[in-house]
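Here's the structure, in C-alpha cells; my notes come after.
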Amino acid sequence: IHSGVGTNGAYDLERVAGVIRRSKAEIACLQEVEVNKQLRRARRWSAMHADDQPQVIAKACGLKNCAFAATLKASFQEARCWSGEVLVGSQEASYGLATLTRFPILDTRQMMFQRSGPCLEDGDTLHMDRQVQPRGALAVLLDLTSEDARPMWVINTHFSHRMASKEQRRQAREVLQWIEHLRSESADGLDDALERPTFLLAGDFNSSFYMPYSSYSVVAADERWRDLWKEAEAPCCCQASFPSYGCGGLFGMRIDHLFGLRVEGETLPMCEVAQVLRRSPADEMASDHCAVFAEMDFVEDPESKVKEEELLLIQ
C-alpha cells in the first residue's frame with residue numbers, strides 16, 4: 001500500500017480502505033504497512049504520522065480482525081545521492097505486512113528471511129539500496145467454520161525488489177520450506193485429513209509470471225502450488241498491477257500473485273474470478289500498485305472419495 005501514500009503524493013488511509021471495501025474482499029493481504037508509536041517516517045516515501053495503519057484500515061473497510069508483522073523497525077534518516085535511502089533503527093516506527101479479515105484468527109506466525117550482517121538495533125544505520133533489506137512473511141490461521149470449511153493458513157509475503165536475483169529465489173525457497181513446516185505441524189495429531197488446514201500464499205513477488213530465475217518461477221516450479229490467476233483462466237493482456245498508473249494496465253507487469261496449495265487426495269484450489277482492480281480512478285491512485293482480487297475456494301479432491309469407497313469395498 002506504499003505506506004498509505006498514493007500516486008498523487010497524498011497520505012490517505014481511507015482511500016486504501018475504499019479499495020478493499022468496494023471489492024467486498026473477506027481477506028486482504030497488505031504489504032508496505034506501517035505502525036508508528038510516535039510521529040515518524042518509516043521510509044523515504046512515507047508521510048510523517050503516528051498511526052497504527054492496520055487497525056485504521058481494518059476499521060474503515062469493515063474487516064475487524066487483523067494481524068501485523070514488522071519486518072523492519074526503523075525510521076527514515078536521509079536520502080543520499082551516493083548511497084540512496086538511509087534508515088536508522090528505532091522501536092518507534094515499524095514497517096511490514098498486515099492481513100485483514102472478517103474471519104476469526106486462530107493463530108499467527110512470522111518468519112524473517114535470512115540476510116547477512118547483524119540484526120538491526122536501535123541507532124544502527126541501514127543502507128536500503130546497498131544492503132539486503134529485512135523481509136519476511138506473515139501467516140495467519142483462519143477459522144472458516146461459518147463457511148462450513150476447514151481452517152486455512154493465509155501466508156502473506158513480500159520478496160526482494162531485486163528481480164530474478166539469487167536473493168529473491170532464496171527467499172521464495174525459504175517461505176516454501178516454512179510452509180512445509182506449518183503443514184507438518186498442523187497435521188500432527190489429526191488422523192482425519194478433512195480436518196487439516198488449507199494453504200493460500202499471497203503477496204508482492206516482485207516478479208512477473210513470465211520471468212525466469214525469479215521468486216515466481218521457484219513457487220510455480222512446485223506443481224502443487226496453483227496460480228489462481230491461471231486457474232481462473234484470467235486474461236494476461238492489460239493486467240499489470242505495477243505501476244498503478246500504467247495506462248489502465250497496458251504498461252507494466254503483474255508482480256502481485258496468489259497461489260493455492262493442491263494436496264492430492266485432500267483439497268484442490270478453485271478460482272472462478274481473478275482480476276486487477278482498476279474499477280475507478282481511486283483504485284489506481286491509492287498506491288503505486290493496483291490490488292489483485294480473486295474469488296476462490298478449496299474443494300475436496302474427488303480422488304479422495306474414490307479411495308474411501310475402495311477402502312469400504314476392501315473392508
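Miscellaneous remarks
- In the range 283-306, the residues that are assigned to a strand (DSSP E or B) reach residues that are charged (D, E, K, R) and modelled with pLDDT of 95 or more with C-beta atoms within less than 6 angstrom, at least six apart or across chains, in these pairs: VAL292/ASP256.
- Some residue of the range 90-112 being touching a helix residue (DSSP H, G or I) at 6+ places or on another chain (Cβ under 9 Å), charged (D, E, K, R) and crowded, with 17+ Cβ neighbours inside 10 Å: yes
- Members of the range 73-89 found to be of a type outside the set (D, E, K, R), in contact (Cβ under 8 Å) with a residue 40 or more places away in the chain and surrounded by fewer than 22 Cβ atoms within 10 Å (Cβ to Cβ), listed by number: GLN77, SER83, GLY84, VAL86
- Which numbered condition LEU138 fails, given (1) at pLDDT 95 or above; (2) under 21 Å from ARG44 (Cα atoms): (2)
- Tally of residues being without any contact (Cβ under 8 Å) to a residue 60 or more places away in the chain, open to solvent by 20 Å² or more (accessible area, probe 1.4 Å) and out of contact with any Phe, Trp or Tyr (no Cβ under 6 Å at 6 or more places or on another chain) across the range 145-164: 8
- Of the residues making up the range 58-94, those that are in contact with a strand residue (DSSP E or B) (Cβ under 6 Å, 6 or more places away or on another chain), over 15 Å from GLN133 (Cα atoms) and not in a strand (DSSP E or B) are ALA58, LEU63.
- With respect to the conditions (1) more than 18 Å from ARG262 (Cβ to Cβ); (2) touching a helix residue (DSSP H, G or I) at 6+ places or on another chain (Cβ under 6 Å), ARG196 falls short on a single one, namely (1).
- Residues located in the range 219-252, provided they are among the small types (Gly, Ala, Ser) and touching a residue at least 60 places away in the same chain (Cβ under 8 Å): ALA232, SER244
- Residues (outside any loop (DSSP other than H, G, I, E, B), out of contact with any Ser or Thr (no Cβ under 7 Å at 6 or more places or on another chain) and over 26 Å from PHE103 (Cβ atoms)) located in the range 133-176: LYS166, ARG170, ARG173, GLU174
- A count restricted to the range 56-72 and to residues that are open to solvent by less than 60 Å² (accessible area, probe 1.4 Å), aliphatic (A, V, I, L, M) and more than 19 Å from ASP122 (Cα to Cα) stands at 5.
The values are calculated or read from the model by the stated rules, or taken from the named source; none is laboratory data. In this text the structure is predicted, and so the values were computed from the model without any measurement. Don't worry about glycine lacking a Cβ; one is built from the backbone with ideal geometry, like all the others, and counts go over all protein chains shown. SASA here: full protein model, heavy atoms, side chains in, ligands and nucleic acids out. Shrake-Rupley method; radii C 1.70, N 1.55, O 1.52, S 1.80 Å.
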